[in-house]
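Enquirer: I am attaching a structure below and will ask some questions about it afterwards.
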Amino acid sequence: MRDEAEVARILVVAAHPDDVDFGLAGTVATWTDAGIEVVYCIVTNGDAGGSDPSVSRADMVVLRQAEQIAAAKCVGVSDVRFLGYPDGRVETSLDLRREIARVIRQVRPDRVALQSPERNYARIPASHPDHRAAGSAALDAVYPDARNPFAFPELAEAGLAAWIVPEVWISASPEPTHYVDVTDTFDRKVAALRAHESQTAHMDDLAEMLRGWLSRNAQLGGLADGRLAEAFQVISIP
């Protein structure tokens with residue numbers, strides 16, 4: 001795993017508005033606190049989210065984008081990019097790979113964080129089909145698409161040179177290898193999720209639920225009692 005001092009920029013790719021905040025907002029806050037620039041790439045428009053039938057799907061898109069921008073600010077992120085794919089219908093297509101590779105070449109990150117392409121039977125909600133498809137497309141965009149100068153020649157023609165991402169962090173992996181202590185950034189993670197009011201306003205036990213998840217991660221990671229952690233599978237790519 002790369003030393004944090006070697007990391008200047010990180011790109012986080014997630015399927016839906018709020019996925020970053022459920023999965024790794026505490027870790028993102030530790031990165032931005034360390035002076036690392038973090039960029040979000042949200043694949044879908046979130047139009048299938050929420051539970052209020054009085055909100056039109058077009059209005060839901062506008063609402064969820066605004067919520068994600070507000071949530072990102074809670075953890076020090078100001079650059080949020082939306083690809084606009086329909087919520088609930090993400091496929092690991094060449095088009096999606098190209099669009100994520102485009103963002104990688106624009107951002108030129110030292111690390112990409114993404115959702116697990118594998119189904120996690122211990123955490124089925126984390127294995128939403130959109131999550132797995134977005135994670136698979138993002139991993140393919142990292143290797144080989146973004147680094148291959150001959151892949152998607154239209155990107156090179158637009159002035160976007162190939163870029164090698166040396167490290168990937170996978171959230172919600174069934175085989176985590178690294179645990180980040182987020183005890184000190186937990187309140188900001190909760191604030192980020194509360195910014196997604198259309199998705200979390202009904203969740204009176206949100207903080208307690210998160211504390212339970214993160215406490216179990218901390219135990220698995222061998223952290224001291226009372227600590228909270230987010231878990232990742234870290235992959236180095238030669």
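Enquirer: What residue, among those in region 43-60 that are polar (S, T, N, Q) and exposed (fewer than 14 other Cβ atoms within 10 Å of the Cβ), is farthest from the chain's Cα centre (by Cα)? Talk me through it step by step, then tell me what you get.
Expert: Narrowing region 43-60 to residues polar (S, T, N, Q): 44-45, 51, 54, 56.
After this cut, where a residue has to be exposed (fewer than 14 other Cβ atoms within 10 Å of the Cβ) as well, the list is 51, 54, 56.
Working: SER51: 23, SER54: 29, SER56: 26 Å.
Within region 43-60, the match that is farthest from the chain's Cα centre (by Cα) is SER54.
Enquirer: Still on this structure, I have one more. Looking at region 1-44, which of its residues are at pLDDT 95 or above and either in a loop (DSSP other than H, G, I, E, B) or at positive phi (or both)? Let's see the steps before the verdict.
Expert: Step one: filter region 1-44 for residues at pLDDT 95 or above, giving 7-44.
The answer is VAL7, ALA8, ALA15, HIS16, PRO17, ASP18, ALA34, GLY35, ILE36.
Enquirer: Among what's in region 110-167 and is acidic (Asp, Glu) and in a helix (DSSP H, G or I), pick the residue that is farthest from ALA15 (Cα to Cα). Step through it out loud before you land on a result.
Expert: Step one: of region 110-167, the residues acidic (Asp, Glu) are 110, 118, 130, 140, 145, 154, 157, 167.
Adding the requirement that they be in a helix (DSSP H, G or I) leaves 130, 140, 145, 154, 157.
Working: ASP130: 6, ASP140: 15, ASP145: 19, GLU154: 24, GLU157: 27 Å.
Among those residues, the one meeting the criterion is GLU157.
Enquirer: Could I ask something else about it? When you look at LEU139, is it touching a residue at least 24 places away in the same chain (Cβ under 8 Å), under 20 Å from ALA29 (Cβ atoms) and not charged (D, E, K, R), yes or no?
Expert: Values: touching a residue at least 24 places away in the same chain (Cβ under 8 Å): yes; under 20 Å from ALA29 (Cβ atoms): no; not charged (D, E, K, R): yes.
Against the criterion (touching a residue at least 24 places away in the same chain (Cβ under 8 Å), under 20 Å from ALA29 (Cβ atoms) and not charged (D, E, K, R)), LEU139 does not qualify.
Enquirer: Within the set of pairs 6+ apart or on separate chains, which have a first residue in region 109-133 that is touching a residue at least 40 places away in the same chain (Cβ under 8 Å), a second that is outside any loop (DSSP other than H, G, I, E, B) and of a type in the set (Phe, Trp, Tyr), and C-beta atoms under 7 Å apart?
Expert: From region 109-133, the pairs are ARG111/TRP169; ALA113/TRP169.
Enquirer: Looking at region 204-237, which of the residues that are in a loop (DSSP other than H, G, I, E, B) and charged (D, E, K, R) is surrounded by the fewest Cβ atoms within 10 Å (Cβ to Cβ)?
Expert: Taking region 204-237 as the starting set, the residues that turn out to be in a loop (DSSP other than H, G, I, E, B) are 204-205, 221-228, 237.
With charged (D, E, K, R) added as a condition, the list becomes 204-205, 225, 227.
On the way: ASP204: 9, ASP205: 9, ASP225: 7, ARG227: 19.
Residue satisfying both the conditions and the ranking: ASP225.
Enquirer: For region 1-42, what are the residues that are acidic (Asp, Glu), surrounded by fewer than 24 Cβ atoms within 10 Å (Cβ to Cβ) and in contact with a helix residue (DSSP H, G or I) (Cβ under 9 Å, 6 or more places away or on another chain)? Give the derivation first.
Expert: Kept after step one, since they are acidic (Asp, Glu), are these residues of region 1-42: 3-4, 6, 18-19, 21, 33, 37.
Of the ones still in play, those that are also surrounded by fewer than 24 Cβ atoms within 10 Å (Cβ to Cβ) are 3-4, 6, 33, 37.
Listed by number, the residues that qualify are GLU4, ASP33, GLU37.
Enquirer: Tally time: how many residues in region 169-185 are surrounded by fewer than 20 Cβ atoms within 10 Å (Cβ to Cβ) and part of a helix (DSSP H, G or I)?
Expert: 2
The values are calculated or read from the model by the stated rules, or taken from the named source; none is laboratory data. Bear in mind the structure is a predicted one, so any value in this text is a computation, not a measurement. Cβ coordinates were reconstructed from backbone atoms using ideal geometry, including for glycine residues, and neighbour counts include every protein chain displayed.
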